[in-house]
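Everything on this sheet refers to the single structure shown next.
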Amino acid sequence: MISLLVQSIADTHGVAAAIAQLSRTSDIIVLAGEMGAGKTAFAQGFGEALGVDEPITSPTFTLVHTYDTGRVTLHHADLYRLDKMSEVSDLALHEMVDGDGVMLVEWGDVASELLGDHLEVFLRHDTNHADDERSIVIHSVGTQWASRLERLKTALTLWLED
């Protein structure tokens, strides 16, 4: 587990960029946290780091947005409006990342068991702190990210919580 403290949206983008640089095709990154915690801001930083040159918005109503980055295809899903596991299964998220895809899943913690190996990024806004300050806790579920956690921790040194 990696615990971070970010002071701004730029920091959130920096954390996302570090994770993007270590991501591989077929990776799934789950973005968890309450409304307004910074999941979409994270997705924007992640996409920018991969080379997405169009605005990244939360796909709350369309469920999935896809961006061709030239290096990989970024799929950005939002499960907020889904209330049945069968609806999540019907999206076939694993099939989207087969080959050259990477998947970001906002509100994905509600369907964690269906997603298999993934990296969970839990963002939390503590109301006792400044507006843009967030705590971020990152952990690997399964083995796919386990071998990269030490490199990830090194890449995130600037934001490590004491």
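Just a few scattered comments:
- Residue list for region 2-24, restricted to those being within 25 Å of Ala146 (Cβ to Cβ) and assigned to a loop (DSSP other than H, G, I, E, B): Ser23, Arg24
- Condition met for Trp159 (in contact with an Asp or Glu (Cβ under 7 Å, 6 or more places away or on another chain), at pLDDT below 90 and of a type in the set (Phe, Trp, Tyr)): no
- Flag if Asp78 is charged (D, E, K, R) and at pLDDT 70 or above: yes
- Among residues of region 25-46, those that are free of Cβ contacts under 8 Å to residues at least 40 places away in the same chain and not in a loop (DSSP other than H, G, I, E, B), counted: 3
The values are calculated or read from the model by the stated rules, or taken from the named source; none is laboratory data. For clarity, every value in this text was computed on a predicted model and none was experimentally measured. Cβ sites come from the backbone with ideal geometry, for glycine too, and all protein chains shown count toward neighbours.
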